[in-house]
Amino acid sequence: MPETALANTPTDQCIDSRVSPWLSAIAYPLGSNLLLPSFFGNIEVHGRSNLPTSGPVILAPVHRSRWDALIVPHVTGPRATGRYLRFMVTADEVKGLQGWFIRRLGGFPINPRRPGIASFRYSMELLRQGEMMVIFPEGGIFRDAQVHPLKSGLARLAIQAEQGHPNLGVKIVPIYLCYSRALPVWGSKVQVSIGAPLSVDRYITGSPKQDARKLTTDLHHHLAQLGEQVQPDEEIWKSSHAEEVAQL
């Protein structure tokens, strides 16, 4: 979530998003059983036991590829937790036929250039309802192995939700994804490392701005630690990754 001031925008006036049971019952198995296994050589997951199976959760993955939008539900969704996910998606992605599917699979739009207050409030309501939500805290796709500076919006949302409803129990789960190639191709491998949840109530001191800053710093630290634990299984990974990034 970007750091710029919230504003009422036409895109955010009405949030049309829900989880369609029939569509999700088709889309999740299709992705997990057919699309992902047929494209990727291997998807290795560590720390799946760190995923909460109830209560309000914000999944905070690094963003390395458009495939993340399928990999994250595959490793954290119904198969792992029995829960469907709600995604914060840039408004440009939620258009036309693609937008129709995204909205019915739990996605909802936010304008990254001028975030709307309706999207923020909608996110707050999802947490109050005990939903599991996905927010990419880096704010964009980065195809290297570094954890880039995090936007403060995720932490501000979590702090405000917890502060406004004591004992809500919001958890933030750091997730690190690593592809064997900067631009995944058929047969590429994926490593996913899921860290222990951060309990937001431990960051409430009465100063929302300072609390959000501390939470953002700690989340960055935990993501970096997960990244250090990822060990590519091919010696050529670093050199090939660097070459592909240089060509982007």
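Quick notes on this one:
- Within a straight-line Cα-Cα reach of under 18 Å, residue 171 can be paired with the following lysines, leaving aside sequence neighbours fewer than 8 residues apart in one chain: 151, 214.
- Annotation: per residue accessible area for region 39-179 equals 39 Å², rounded to a whole number [probe 1.4 Å, protein chains only].
- Here the peptides 71-81, 186-196 are ranked by packing, the mean other Cβ count within 10 Å, and the order with the highest first is 71-81, 186-196.
- Fraction of the pair-distance distribution of region 141-191 above 14 Å, Cα-Cα pairs, percent: 66 percent
- In region 60-185, the portion of solvent-accessible area held by carbon and sulfur atoms comes to 52 percent [1.4 Å probe, whole percent, DNA, RNA and ligands not counted].
- Over region 121-233, relative contact order from alpha-carbon pairs under 8 Å, at least 6 apart, %: 28 percent
- Altogether, the Stokes-Einstein calculation at 10 °C and 1.306 mPa s, with the Kirkwood radius of region 16-63 over Cα pairs as Rh, returns a diffusion coefficient of 116 µm²/s.
- Applying 0.36 nm per residue to the separation of residue 44 and residue 207 and subtracting their alpha-carbon distance, the gain on full extension is 54.7 nm.
- Against the rule of thumb 2.2 N^0.38 Å, how large the Cα Rg of region 163-210 comes out: 1.80
- Efficiency of FRET from Cβ geometry, residue 148 and residue 185, R₀ 25 Å, rounded to 0.05: 0.60
The values are calculated or read from the model by the stated rules, or taken from the named source; none is laboratory data. As the structure is a computational prediction, the values presented were derived from the model and not from experiment. Note: ideal-geometry Cβ built from the backbone for every residue, glycine included; neighbour counts use all protein chains shown. Protein only, heavy atoms only, side chains kept; ligands, DNA and RNA dropped before computing areas. Shrake-Rupley method; radii C 1.70, N 1.55, O 1.52, S 1.80 Å.
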